[in-house]
Amino acid sequence: MSSPLSNITPYIYGTTRLGDSSLPREDRLKVAHAAMDAGVWFHTSHTYGDALEVLAEAFAAEPAKIPPLIIKIGWDNIDQLRGVIEENLKPLGLPGMQLGQLCLGGELAEDFANGGECYKVFRQLKDEGLVQGYVVEAFPWTSDAPLRALRAGYTEGIIDGFIFYLNPLQRFASNALWDELLARKQNIIAMRTVSGGPVHSLRDVPGFAWKDYLQKRAVEVAPIFERSGVATWTEFCVRFAHSFPLVKATVGASGKLDNLNAFLAAKENLSPLPADIMDEITTLQRRWSDEFDIRAEPWTM
Ligand SMILES: NC(=O)c1ccc[n+]([C@@H]2O[C@H](COP(=O)([O-])OP(=O)(O)OC[C@H]3O[C@@H](n4cnc5c(N)ncnc54)[C@H](OP(=O)(O)O)[C@@H]3O)[C@@H](O)[C@H]2O)c1
């Protein structure tokens, strides 16, 4: 069977904002419908507020437009997997998902790194049609297990790709994992397309960047973006992700129609950014990874 990644859309609508109850529900439904009308894949999780309820309502209204889904599943041991899958599929009334995003912690991460029982369970869930394929999530502090599994060849034939923050300000696979992914030509799904918002807001508006390090990185990246001559940050970021030939899609969120439309417009031009622009940013990312990311307390960035 071919990988679900062969049909993925280059822009994936991230649904966190659909679960933000400070936005009127009607507005969130409108955005969900607009993204469904556009025919793009969605990325979701039962941990995103009431996003699944909003999605369920939109899907029930237009079942012909239900998008393919990437859903977060995991977490710390094999026995949790089925429960998490059900927690997501049941509210949506769906029999399965296109891609399960494996969020690996604790025993499950260790089992994955060692080629253990989890691979049997992944195959069973696939045979049962609950999950059609898998992408493995990586953070700087969780890059080791995927790296060990990749090097040992355990992921072959069952893992379709890897998913992590990859945008001009963040590349959350450690340098070692990143190099291994490129050497082994693994599919990548990039997350947080615009890194949380426009680079000038991240740089200049106090409190806009949710962590100081993002503000500091925006100071370094804003002049590179300006020099590129690309008209908008959204276009720059979508093209940044797709400048890596192994990146199949980028996941970006919005609770506003205008900003969703900017993502949808940007996916029409996936031409790579100029090589010198990419070189500058990838050099920064390699430095940030060693100097900061892999030293950070888990879940603090
Ligand atoms: N571990 C994980 O699995 C994980 C972690 C983080 C994210 N994700 C996935 O990735 C998706 C995106 O992540 P994210 O929301 O953190 O990052 P993002 O897509 O880079 O940023 C979204 C934010 O940027 C704003 N924005 C988007 N376009 C804009 C524009 N043209 N002008 C001004 N503001 C704009 C949005 O505000 P408005 O709503 O006001 O437009 C929203 O607050 C999530 O929805 C989720 O599906 C997954």
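The values are calculated or read from the model by the stated rules, or taken from the named source; none is laboratory data. Source: prediction; values computed, not measured. Every residue, glycine among them, receives a Cβ derived from its backbone with ideal geometry; neighbour counts consider all protein chains shown. We work out accessible area using only protein heavy atoms, side chains counted, and drop any ligands, DNA or RNA first. Shrake-Rupley method; radii C 1.70, N 1.55, O 1.52, S 1.80 Å.
Note on segment 136-150: among residues that are touching a Lys or Arg at 6+ places or on another chain (Cβ under 9 Å) and part of a helix (DSSP H, G or I), the one that is farthest from the ligand (Cβ to nearest atom) is Leu150. Looking across segment 24-37, the residues that are open to solvent by 40 Å² or more (accessible area, probe 1.4 Å) and either touching a residue at least 60 places away in the same chain (Cβ under 8 Å) or near the ligand (Cβ under 10 Å from one of its atoms) (or both) come down to Asp27, Lys30. Which pairs do you get when a residue that is within 16 Å of Ile71 (Cα to Cα) and of a type in the set (Gly, Ala, Ser), found in segment 159-181, comes within reach of a residue that is assigned to a strand (DSSP E or B) and near the ligand (Cβ under 9 Å from one of its atoms), reach meaning Cβ atoms under 7 angstrom, with the pair 6+ apart or on two chains? Listed pairs, sorted by first residue: none to list.
Residues that are open to solvent by less than 20 Å² (accessible area, probe 1.4 Å), assigned to a loop (DSSP other than H, G, I, E, B), within 11 Å of the ligand (Cβ to nearest atom) and on the phi < 0 side of the Ramachandran plot: does segment 6-20 have at least one? Yes: one or more hits. Inside segment 187-216, residues that are within 13 Å of the ligand (Cβ to nearest atom) and either of a type outside the set (Gly, Ala, Ser) or in contact (Cβ under 8 Å) with a residue 40 or more places away in the chain (or both) make up a count of 16. So for segment 87-99 (the condition being surrounded by fewer than 21 Cβ atoms within 10 Å (Cβ to Cβ), within 16 Å of the ligand (Cβ to nearest atom) and closer than 19 Å to Leu5 by Cβ), does at least one residue qualify? The answer is yes; a qualifying residue exists.
Against the test of being touching a residue at least 40 places away in the same chain (Cβ under 8 Å), within 15 Å of the ligand (Cβ to nearest atom), β-branched (Val, Ile, Thr) and part of a loop (DSSP other than H, G, I, E, B), the options Val238, Val230, Val221 yield a single qualifying residue, Val230.
Quick one: in segment 47-84, of everything that is in a loop (DSSP other than H, G, I, E, B) and touching a residue at least 40 places away in the same chain (Cβ under 8 Å), which residue is nearest to the chain's Cα centre (by Cα)? Only one residue tops the list, namely Pro68.
For Thr300, the conditions (1) open to solvent by less than 70 Å² (accessible area, probe 1.4 Å); (2) away from the ligand (no atom under 15 Å from the Cβ) are fulfilled apart from (2). How many of the residues in segment 253-297 are within 13 Å of the ligand (Cβ to nearest atom), crowded, with 18+ Cβ neighbours inside 10 Å and either of a type in the set (Ser, Thr, Tyr) or free of Cβ contacts under 8 Å to residues at least 24 places away in the same chain (or both)? Summing the residues that are within 13 Å of the ligand (Cβ to nearest atom), crowded, with 18+ Cβ neighbours inside 10 Å and either of a type in the set (Ser, Thr, Tyr) or free of Cβ contacts under 8 Å to residues at least 24 places away in the same chain (or both) in segment 253-297 gives 1.
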